[in-house]
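Student: Below: one structure in structure tokens.
The values are calculated or read from the model by the stated rules, or taken from the named source; none is laboratory data. Predicted model, so just to flag it, every value in this text is computed and none were measured. Using ideal geometry, Cβ is built from the backbone for each residue, glycine included, and neighbour counts are taken over all protein chains shown.
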Amino acid sequence: MKYSNKVILSAAAWLLASSAHAQVTVKDPWVRATVPAAKASGAFMLVQSAQDARLVEVRSPVAGMVEIHQMSMDGGMMKMSAVDGIDLPAGKPVALASGGYHVMLMQLKQQMKEGDTVPLTLVVQKKDKKLETIEVKAPVKPLNYAPAK
């Protein structure tokens, strides 16, 4: 079967446009392990969007409640509070890490054990208000784990 250059170029352009739909990437996701009675843990990762967007929600079946949090220092006191989302500037990685923005997994349904994997669903709102979901499998790391900088 022969295809014209026009058809081939159109197909290539479509493929490039389709790959742009996978605009948000997640690198190095992980969840902190817990002791048996703990009811909360944190999830951390590096999120990057090809276009301006906003992380507006995170879900996980391992927790009764999941919130996006920000940790900050206020007069020498560490404060943690829920936020309604995190801006993802085009092309710039945004770290969800200890000491800043992160995901809180609360009302845990089970202990987070080192070596387990936690499913997370990130919901990102694009500039056109359309929502994109990203499925992430985050390994559980030890309580004392600190990622390399």
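Student: Taking the conditions exactly as written (buried (at least 16 other Cβ atoms within 10 Å of the Cβ) and either in contact with a helix residue (DSSP H, G or I) (Cβ under 7 Å, 6 or more places away or on another chain) or under 12 Å from Met45 (Cβ atoms) (or both)), does Val58 satisfy them or not?
Tutor: Here the answer is yes, as Val58 does meet what is asked.
Student: Met65: surrounded by fewer than 15 Cβ atoms within 10 Å (Cβ to Cβ), among the hydrophobic types (A, V, I, L, M, F, W, C) and out of contact with any strand residue (DSSP E or B) (no Cβ under 7 Å at 6 or more places or on another chain), yes or no?
Tutor: No: the conditions fail for Met65.
Student: Right, here's the next one. Would you point out which residue out of Asp74, Asp87, Asp52 is at pLDDT 95 or above, over 20 Å from Glu135 (Cβ atoms), over 13 Å from the mean Cα position of the chain (by Cα) and among the charged types (D, E, K, R)?
Tutor: Asp52
Student: Consider only pairs whose beta carbons are under 8 Å apart and that are at least six residues apart or on different chains; among these, list those whose first residue lies in segment 37-53 and is outside any strand (DSSP E or B) and whose second residue is among the small types (Gly, Ala, Ser) and exposed (fewer than 14 other Cβ atoms within 10 Å of the Cβ).
Tutor: Ala50/Ala20; Ala50/Ala90; Ala50/Gly91; Gln51/Ala90; Asp52/Ala90
Student: Then there's this: Being more than 15 Å from the chain's Cα centre (by Cα), over 17 Å from Val83 (Cβ atoms), surrounded by 11 or more Cβ atoms within 10 Å (Cβ to Cβ) and of a type in the set (A, V, I, L, M) is the filter here; which residues of segment 94-149 pass it?
Tutor: Leu108, Met112, Leu143 - these are the residues of segment 94-149 that are more than 15 Å from the chain's Cα centre (by Cα), over 17 Å from Val83 (Cβ atoms), surrounded by 11 or more Cβ atoms within 10 Å (Cβ to Cβ) and of a type in the set (A, V, I, L, M).
Student: Now a separate question. Answer yes or no as to whether Gly85 is more than 17 Å from Val26 (Cα to Cα) and touching a residue at least 12 places away in the same chain (Cβ under 8 Å).
Tutor: No: the conditions fail for Gly85.
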